[in-house]
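Participant: Dropping a structure here in structure tokens format, bear with me for questions.
The values are calculated or read from the model by the stated rules, or taken from the named source; none is laboratory data. Computed from a predicted model, the values in this text were never measured in an experiment. Every residue, glycine among them, receives a Cβ derived from its backbone with ideal geometry; neighbour counts consider all protein chains shown.
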Amino acid sequence: MQEPGGVTELRAALLRLRRTSGLPVVFGGLLSDTRHARLAELSGARTPALRGLVVSAGSGLGGKAIALSRPCAVTDYPTSRHISHEYDTAVAAEGLRSVVAVPVVVRRVVRGVLYGALREPLALGDRTFDATASAARDVEQALAVRDEVQQLLAATREQFTEPGTDPGAWEDVREAHRELRALAPKIVDPMLRGELLTVCGRLASAAGAGGNPAAGRVRLAPREVDVMACVASGATNAAAAERLGLRPETVKSYLRSAMRKLGAHTRLEAVVAARRAGLLP
């Protein structure tokens, strides 16, 4: 069954947080609406007491972090006077004492909350706060990329399924293809990444390459296709490197390899050959 959007990214961030911070217990959840987060991901927990717990904005430590849209912490959860205590039973069952909660905020909207906890009433240091905040930023960036991908996919399906012969429409198809290819390596969720690459493949073959004898004969590595998509948009090696998060020398190497496979001697020849082969729209 497909997981809710963002759960894969949240799980990965929590595992990194536990590994880098040394916190024995980390957990978190995404908001189902503007006021409620369900704690679905736990690492290091000894009991199922926290799993599935719904945290409301303003309630408990995590609810306070959601309501204020900023990190909150307590040194001894059971005795703290700075939070409400709706969730004391679950927290006590897990034996948590010192806890930090950090909201996940994307474009000023709280989308989730991450926790790190100790089973002793000890003050949390800057290293722990920084690691937890960094994990939340990782989730924020992943959710922002996911949002962008989904918007692009929706626009692509709606507008470019059958672009016809309008040259302007084809330029839009090519731009959508380039943007989606550049985002693919940033997607943690394998199902969403697979969907994205499937759409890219459909865009690349939409120009009628299926009727071209050259189509399907040339095989480029995914990163070679990414580089060719940037080159097709007129990007320099430096610009392509910035878009793809690569070094210019790496882009040059991918481009050289792609040109060799395509039997091209110039960048323009490579773009033309890639389109004839159904690798680019």
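Participant: Enumerate the pairs (first residue in the range 244-267 and free of Cβ contacts under 8 Å to residues at least 40 places away in the same chain; second residue anywhere and of a type in the set (Lys, Arg) and in a helix (DSSP H, G or I)) with beta-carbon separation below 6 Å, excluding pairs fewer than 6 apart on the same chain, so at least 6 apart or on different chains.
Facilitator: Listed by first residue and then by second, the contacts come to 254/223.
Participant: Still on this model: Select from the range 242-252 the residues that are at pLDDT below 90 and part of a helix (DSSP H, G or I) and write down the one among them that is farthest from residue 176 (Cα to Cα).
Facilitator: Taking the candidates together, the pick is 242.
Participant: Which of the numbered conditions does residue 221 fail, given that it passes all the others? Conditions: (1) surrounded by fewer than 21 Cβ atoms within 10 Å (Cβ to Cβ); (2) modelled with pLDDT under 80.
Facilitator: For residue 221, the exception is condition (2).
Participant: Just to verify a result, which residue in the range 253-269, among those that are of a type in the set (A, V, I, L, M, F, W, C) and part of a helix (DSSP H, G or I), is surrounded by the most Cβ atoms within 10 Å (Cβ to Cβ)?
Facilitator: Result: 258.
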